[in-house]
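Q: Take a look at the following structure, please.
The values are calculated or read from the model by the stated rules, or taken from the named source; none is laboratory data. Since we're looking at a predicted model, the values are computed, not measured. Quick reminder, even Gly has a Cβ in these numbers, built from the backbone with ideal geometry, and neighbours come from all protein chains shown. Just so you know, the surface numbers come from the protein's heavy atoms only, side chains and all, with ligands and any DNA or RNA stripped out. Shrake-Rupley method; radii C 1.70, N 1.55, O 1.52, S 1.80 Å.
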Amino acid sequence: MTSRRKTIPYLQPEENESLHDVFSDGCSDGLSLRGKAIAALLFFTGLRPCDIASLTMDAIDWKADEIRVVQNKTDVPLVLPLTAVIGNAIYDYITSGRPESNDSHIFLGVNRPHDPISPGAFWHIASKIYDAAGIRLAEGDRRGTHLFRYNAATTFVGSGIPRPVASAVLGHEDPSSLDHYTFADIGQLRECALSIEKSPVREGVFDI
């Protein structure tokens, strides 16, 4: 049966580079320590906004370098590596940017009473991330959080990570769920393309 899914917008290589600059030392222009920590989680883990919003202090195992979360969508436990980039960003936020609160959630609102952030706030947070990276600034450009999830999936597969492992890291119960994300892998799509080198094409067709 022919797939009817639309081609998913994906992050270009230069956009990935710009996002990497956001994780460099110091705060990026217009991006708070909270935004930087959330950006690292979105970009490197592909976690869903609902799972990031629900992260509590005991979800971070600093000694084992692990993030432990029970996914809201599937209720399945997930253990992810706490890399240096992610760990440093979260630590900086907790120690230097997080409001004082007895609430166990890691990410809190900036205004009193500093309640835990909601998944609905992530579109605005993602917009600030794109602004800080200087990408997707044109009207109509897609700027949601799901782009990070698509990007993480294609990065995992493109790096040679076995599909079942990549699927598990993204929190899928069914490995075939990864197919929806890898439809955006432009590298693999190019490998499937047929050459038109020997096809008759009139001069000027590709002069755009």
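Q: So for ARG142, ARG34, ARG149, what's the accessible-area order with a 1.4 Å probe, most first?
A: Numbers: ARG142 95, ARG34 40, ARG149 10 Å².
Reading off the accessible areas and sorting them downward yields ARG142, ARG34, ARG149.
Q: Counting only the heavy atoms of the protein chains, how much of PHE156 is accessible to a 1.4 Å probe, in Å² to the nearest 10?
A: 30 Å²
Q: So which trypsin sites (Lys or Arg not before Pro) in segment 46-90 end up in coil per DSSP with only 13 or fewer other C-beta atoms within 10 Å? Could the numbers behind the result be given before it?
A: Details: sites: LYS63, ARG68, LYS73; in loops: LYS63, LYS73.
Those satisfying the criteria are LYS63, LYS73.
Q: Next question. Per residue of segment 153-161, what does 6.51 cos²θ - 1.76 cosθ + 1.60 with θ = phi - 60° give for ³J(HN,Hα)? Whole Hz please, x for Gly and Pro, Karplus curve as stated.
A: Result, ordered by residue: 4, 5, 5, 4, 5, x, 8, x, 5 Hz.
Q: Could you list the chymotrypsin sites (Phe, Trp or Tyr not before Pro) in segment 45-132 that lie in coil according to DSSP, counting only those with at most 14 other Cβ atoms within 10 Å of their Cβ? Before the final figure, lay out each step's value.
A: On the way: sites: TRP62, TYR91, TYR93, PHE107, PHE122, TRP123, TYR130; in loops: TRP62, PHE107.
Listed in order of number, the matching sites are TRP62.
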